[in-house]
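Working notes for the structure below.
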Amino acid sequence: MIIDDEEQLVEAFRKKLSRDGFSVSSAYTAREALTLMRKHTFDVCVLDIRLPDMDGVDLLKSIKKNEPNLEIIMLTGHASVDTAIQSMKLGAYDYLSKPCKLTELSNVIQKAYEKKSLRERTIVLEQQLQRVEAHDSFIGSSEPMNEVKRLIRLVAPSDVPVLVLGETGTGKELVARAIHALSPRSANQFVAVNSSALQESLLESELFGYKKGAFTGAQSDKIGLLELADKGTFFIDEIGDMGMAIQAKFLRTLETGIFRRLGDTRESKVDVRFIFATNKALENEVKEKRFRKDLFFRLNTFIITLPPLRERRDDIPLLADYFLGKFARGAPKKLLSREAMDILRNYRWPGNVRELANVMERAVLLSAARDTILSEDMPQSMTDGKATERDLDRPGLSPDELTLHRIEREHIERVLNLAKGNKSKAARMLGISRRKLYLKTTANSKE
């Protein structure tokens, strides 16, 4: 917004700034300016220091009181060092004297806008980071989770496609949202789709959209999810379940950003950052001819593997405590008895963090008025030996289970449970270093 009582000057500013891509509003008095500001939001204001109904410095004070993030450039034909210093102390971005070159003014406005955008972006990123780090699956300081956080921070600033691997319930979509939140695209859309939740024909129309008349029932044009994600991040969960026909079309979009709506003769282009997730071994899917090799190589650029909960047992007490507070719903937070905690530590958690959250919510309800959660509040499947380490002690392994790698893996898991998840203690019991134990457990999770 330009606030100046010289109409010819304002018109010259408007023409120049409009050509430079700015959307320009103008006011000739302080009253007009304040009325406009109540109706519209502005990024930068060019303010004449002398107005017919108010001193420019007083108007600067009033504007900054209501719009502290608005960048203001003071403009005057009566320049004085004292006025300039006073304006800058009150929060003005810069100070120009009349007559000023139009190009100079345009450049200063651009810099002021960039400063405002950077400040707002920094605030948003800090808020998003706080939300991300407070989320269920990111609670804990185990080595595997610290590595996941490091990789997220490393890859977020780039546009490299990311493949997130992990079992169900480990938080794969959360990782995608964290990458988006910390990326330069965070102010734009995050769009997610689950390939396994839609039939192939429906998934294709959801991804690419369609033109009216493209098929029976297409009564109007439909914008696809790819277009909705333009300039933002597109997360495709369970990419391993995407049909071969769509894979071929999608590969071109992944490489070039170009796609075609169903029934359209024209091509469209988007600028999208892609993140994928799966709990399948895509190498095996390629071997079985269920997944395209060229698409697999394209997805394989940067991989983040989420550890299952059984491989980050040190985090279980922290997660359990977090969920107890979350589900207290205003009541005092309950405590876990030693027996209940032992059950949590020794359980294999096939459903991972999502399952732990459900177990804690159930325990809070079952414990009723008690302030302590007991073993009896745990699901029977956790206390009768099902899905626990007892299955590792079963006799009569089948021939295909008798590999050294399989035996080593099960032995490591058994020792970890005996050590109650304490990797340092488990490493001492196994006679290896803690780092070597971490590498072996990581390798086993990628099997």
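The values are calculated or read from the model by the stated rules, or taken from the named source; none is laboratory data. The structure displayed is predicted, hence computed values, not measured ones. So basically every Cβ, Gly included, is an ideal-geometry build from the backbone, and we count neighbours across all protein chains shown.
Looking only at segment 325-345, which residues are more than 30 Å from the chain's Cα centre (by Cα), modelled with pLDDT of 90 or more and not small (Gly, Ala, Ser)?
The answer is LYS334, LEU335, LEU336, ARG338, GLU339, MET341, ASP342, ILE343.
Every residue, every condition in (1) of a type outside the set (D, E, K, R); (2) modelled with pLDDT of 75 or more; (3) touching a helix residue (DSSP H, G or I) at 6+ places or on another chain (Cβ under 9 Å), yes or no:
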{"site": "GLU361", "(1), (2), (3)": "no, yes, yes"}
{"site": "VAL364", "(1), (2), (3)": "yes, yes, yes"}
{"site": "ALA369", "(1), (2), (3)": "yes, yes, no"}
{"site": "LEU374", "(1), (2), (3)": "yes, yes, yes"}
{"site": "THR388", "(1), (2), (3)": "yes, no, yes"}
{"site": "ASP393", "(1), (2), (3)": "no, no, yes"}
{"site": "HIS405", "(1), (2), (3)": "yes, no, yes"}
{"site": "GLU413", "(1), (2), (3)": "no, yes, yes"}
{"site": "ASN422", "(1), (2), (3)": "yes, yes, yes"}
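Whenever a residue of segment 20-32 is in the same structural domain as VAL46 (by TED's automatic domain parsing) and of a type in the set (Ser, Thr, Tyr), its partners that are surrounded by fewer than 15 Cβ atoms within 10 Å (Cβ to Cβ) and not in a loop (DSSP other than H, G, I, E, B), lying with C-beta atoms within less than 8 angstrom and at least six residues away or across chains, give the pairs TYR28/GLU7. Checking the structure you have, find out if any residue of segment 90-113 is farther than 27 Å from ARG19 by Cβ and either at pLDDT 85 or above or surrounded by fewer than 13 Cβ atoms within 10 Å (Cβ to Cβ) (or both). So far as segment 90-113 goes, yes, one or more of its residues are farther than 27 Å from ARG19 by Cβ and either at pLDDT 85 or above or surrounded by fewer than 13 Cβ atoms within 10 Å (Cβ to Cβ) (or both). Can you tell me which residue in segment 289-309 is surrounded by the fewest Cβ atoms within 10 Å (Cβ to Cβ), limited to those that are part of a helix (DSSP H, G or I) and among the basic types (Lys, Arg)? Within segment 289-309, the match that is surrounded by the fewest Cβ atoms within 10 Å (Cβ to Cβ) is LYS293.
Scanning segment 153-197 for residues that are closer than 23 Å to GLU283 by Cβ, surrounded by fewer than 20 Cβ atoms within 10 Å (Cβ to Cβ) and without any contact (Cβ under 8 Å) to a residue 60 or more places away in the chain turns up ASN194, SER196.
One line per residue, one yes/no per condition, for (1) modelled with pLDDT of 90 or more; (2) among the charged types (D, E, K, R); (3) touching a Leu at 6+ places or on another chain (Cβ under 8 Å):
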| site | (1), (2), (3) |
| --- | --- |
| VAL162 | yes, no, no |
| ARG177 | yes, yes, no |
| GLN189 | no, no, yes |
| GLN199 | no, no, no |
| GLU204 | no, yes, yes |
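Number of residues in segment 51-92 that are assigned to a loop (DSSP other than H, G, I, E, B), among the hydrophobic types (A, V, I, L, M, F, W, C) and touching a helix residue (DSSP H, G or I) at 6+ places or on another chain (Cβ under 9 Å) equals 5.
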